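Here is the structure we will look at, set down as structure tokens.
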Amino acid sequence: MTVSPADVWWAGAVLLLASVLVAVGHRQLLAHCFDPVEPGAAHGAARNERIILGLILAAVTVAIPAVGTILSIALIAAPAAALAPSARSARSFLIGCPLLGAALGLAGLGIAVPARLSAGGTIALLCAGAVLASRLPGWVRARGTARPRAAVAFH
């Protein structure tokens with residue numbers, strides 16, 4: 001990964017912008033994202049769409065030069081996929097996703113640098129592992145409640 005000081009400053013600026021926009025309009029943005037049928041969410045729908053798409057565009061734009069296309073998408077999608085089964089509210093999901101993404105990135109660097117591994121590859125594997133780990137409890141519960149299959153004899 002070739003992260004420059006400018007990449008860090010741009011990422012910080014986008015983070016600050018996103019934080020301000022979410023702090024100011026979090027109720028409308030959350031309603032729009034998670035309950036688009038609600039009449040309250042319909043108020044300002046076009047503006048909400050522009051804000052959400054602008055934030056996604058800004059995040060991807062500053063991430064791609066620093067970490068590449070695949071890893072930037074993984075760091076956006078994997079935390080959301082990992083937290084979706086267990087998030088108790090839209091607010092916890094909104095706060096938890098970037099925190100998990102940052103933790104996965106830092107953990108990947110912490111593992112890769114001393115072991116002299118590919119940082120991007122290590123982070124991507126941790127992202128995949130987080131999604132897998134989030135699905136395991138549901139799979140175990142489903143497996144425990146499933147009816148046993150009847151034995152089939154082949155002749």
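Read-outs: derived from the displayed coordinates by stated rules, not from any lab. Every value quoted in this text rests on a predicted model; they were computed, and no experiment measured them. Please note: Cβ atoms are built from the backbone with ideal geometry, for glycine as well, and neighbour counts cover all protein chains shown.
For Ser86, the stated conditions do not hold, so it cannot be described as among the hydroxyl-bearing types (Ser, Thr, Tyr) and either part of a helix (DSSP H, G or I) or crowded, with 17+ Cβ neighbours inside 10 Å (or both). Scanning segment 121-130 for residues that are of a type in the set (Gly, Ala, Ser), under 13 Å from Gly101 (Cα atoms) and in contact with a helix residue (DSSP H, G or I) (Cβ under 8 Å, 6 or more places away or on another chain) turns up Ala124, Ala128, Ala130.
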